[in-house]
């Protein structure tokens, strides 16, 4: 049996065979989504009062909380995901090529999760259409419309990129793929011609380069600018927000890619397709990015403590010693312990995929909490003395809806793997 057939058989495994793990996982995720739908219905019928969000004038509450933090978290994973995928193609990192499509799909589904979260946060989903209706009127005035523009552009370009890089594999496997999905396969391969592979590869390379540049200039800017260009808001205003957010995005994305790839390897026994060396490389990348992120945290608090205005220092004090320290210090401890574990693993060259998977999952959750600690403190400590120091605790509605969005992303990822090949097929002799 040729190497092509062996690889194809392995890639086709999740498409042609439905395991009990898939069915049980899908049932659990559907159940979580159903509970989330009930929570969202509660929010729609009773209003945002069922959340912990409040207007500044309502007893010192905050208008942004867990939903916006989740949006920033999703967008970070999305931007980092496409950066990983595009870098693999641009720099021709063939050994990492099995991860490329996994990262591309992670980008698209994370952007979908971000869009869902914004709709939920709006309280009035019908007003989302105002982004389109009044786009030209607000494009020069609203920073939020630029956020909408960049996220939408990323989604469209990422979807095109995924479709282009997948066409050849679908054509090769067409006769062996389930006939019930033929319409989807014909859509992906619409207009396919013999000998187009070389041209598609060239277009994909330039598209990948464009996505990386767009990510570096815009995703590392637009969302941080929404925060960093608010001089009246302590804790946000500053030029550091761009690289700070970008580093967090890349760290979250690497952790996310490790999670999806490691689970796929364990479930489908793809050890020969995604080698341990690949995971070691991702682990080292995760280590470096986490160290850089810790440096940004250090930079943030040194400037606030020793040279920052009173309002900036108040937020730093709250995180280091005050009411928010019970959240911030555990987050800081987890980041430091993760660095220590990854560093020891690298130095000793004793790699453990299970341990790395566990650390990556913990880091993903930790970075969500860290996003909350970016959004929340600045709103709790307004500069105007007219408003008191606020309080905010997410309610079961917020936690349930956010869990449902994560469940949706996970289920959509599983369904994609049931329909399309998740890795590029290697050519054999």
request  = Take the residues in segment 374-399 that are buried (at least 19 other Cβ atoms within 10 Å of the Cβ), under 30 Å from residue 31 (Cβ atoms) and under 20 Å from the mean Cα position of the chain (by Cα), then tell me which one is modelled with the highest pLDDT.
outcome  = 398
remark   = Only unsatisfied item for residue 101, checking (1) over 28 Å from residue 65 (Cα atoms); (2) touching a residue at least 40 places away in the same chain (Cβ under 8 Å); (3) over 21 Å from the mean Cα position of the chain (by Cα), is (3)
request  = For residues that are surrounded by 13 or more Cβ atoms within 10 Å (Cβ to Cβ) and more than 30 Å from residue 123 (Cβ to Cβ), scanning just segment 22-43, find the one that is modelled with the lowest pLDDT.
outcome  = 22
key: Members of segment 411-423 that are more than 13 Å from residue 23 (Cα to Cα) and assigned to a helix (DSSP H, G or I)   = 412, 413, 416, 417, 419
query = For segment 329-353, which residues satisfy the criterion of being surrounded by fewer than 16 Cβ atoms within 10 Å (Cβ to Cβ), without any contact (Cβ under 8 Å) to a residue 40 or more places away in the chain and over 13 Å from residue 282 (Cα atoms)?
reply = 329, 330, 333, 337, 340, 344, 347, 348, 349, 350
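The values are calculated or read from the model by the stated rules, or taken from the named source; none is laboratory data. Note that the coordinates shown come from a computational prediction; the quantities given were computed from them, not determined experimentally. So basically every Cβ, Gly included, is an ideal-geometry build from the backbone, and we count neighbours across all protein chains shown.
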